[in-house]
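The structure under discussion appears below in the form of structure tokens.
The values are calculated or read from the model by the stated rules, or taken from the named source; none is laboratory data. Keep in mind that what you see is a predicted model, and the values were worked out from it rather than measured. Positions of Cβ are backbone-derived with ideal geometry, glycine not excepted, and every protein chain shown enters the neighbour counts. SASA here: full protein model, heavy atoms, side chains in, ligands and nucleic acids out. Shrake-Rupley method; radii C 1.70, N 1.55, O 1.52, S 1.80 Å.
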Amino acid sequence: MRLEEVKALLYKELLLEWRQRYAFNGMLLYVSSTIIVCYMSFGVRSGMLTPPVWNTLFWIIMLFTAVNAVAKSFLQEAEGRQLYYYTLASPQGIILAKIVYNAMLMLLLTGVGLLFYSVVLGNPVQDPLLFIVAMVLAAISFSSTFTMISGIAQKAGNNSTLMAVLGFPVIVPTLLMVIKIAKSAMDGLERSLSLDELVTLLAINAIVITVSLMLFPFLWRS
């Protein structure tokens, strides 16, 4: 795997997304409509939600957004295109480029979602920097986990249900830690109190990415 290879594959992903902007626009519509539905369902005005409910609701929305956004990593690609990629690039380069691209996509969707969510339901976050760190780690976790599972689901016949079944048990512990870090940011607690969760989340992300790089070549050749 070469750095130039990963850059070329990442450029390919960005170019395809630019040519098929309806997919990204659809995700923005999904995020905004979900927030509006939550606002109407709770029947509250801006700033009326309690911080724990605000925090939990936001990350649940982002989780389902990640499932829909990252699912297309492999599920939308035909077997002929996969064979063509097999002749051009290494499997490690392909999976790493997709993880990086999906992390960038999730960061963008999470940022736009937070902005719109704050306008509609207020923003009680007292430590924005710690909350942004939680967003970055969550984006990496969502992208690395669901990208690999998307590859498994593609080998199982593009079964999107399989992706959800495999993905949620893996991502729930990570999601709970992200929610805890974000809750500390909302309460304005000392950042050192969230150090254990941050280190654990970094370790989980490193393990998932490493395992993906090790196992994806076997999945790719199957």
Any chance Ile171 is in contact with a helix residue (DSSP H, G or I) (Cβ under 6 Å, 6 or more places away or on another chain), closer than 22 Å to Met27 by Cα and in a helix (DSSP H, G or I): yes
Those residues of segment 125-152 which are open to solvent by 40 Å² or more (accessible area, probe 1.4 Å) and at pLDDT 85 or above, in sequence order: Gln126, Pro128, Leu129, Ile132, Val133, Val136, Ile140
Condition met for Tyr85 (within 22 Å of Gln154 (Cα to Cα), open to solvent by less than 40 Å² (accessible area, probe 1.4 Å) and modelled with pLDDT under 80): yes
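Could you list, in sequence order, the residues of segment 1-28 that are over 17 Å from the mean Cα position of the chain (by Cα) and of a type in the set (A, V, I, L, M, F, W, C)?
Step one: filter segment 1-28 for residues over 17 Å from the mean Cα position of the chain (by Cα), giving 1-9, 11-12, 15-16, 18-22.
Hits for segment 1-28 are Met1, Leu3, Val6, Ala8, Leu9, Leu15, Leu16, Trp18.
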Residues of segment 166-182 satisfying the condition of being surrounded by fewer than 21 Cβ atoms within 10 Å (Cβ to Cβ), touching a residue at least 12 places away in the same chain (Cβ under 8 Å) and over 14 Å from Leu201 (Cβ atoms): Leu166
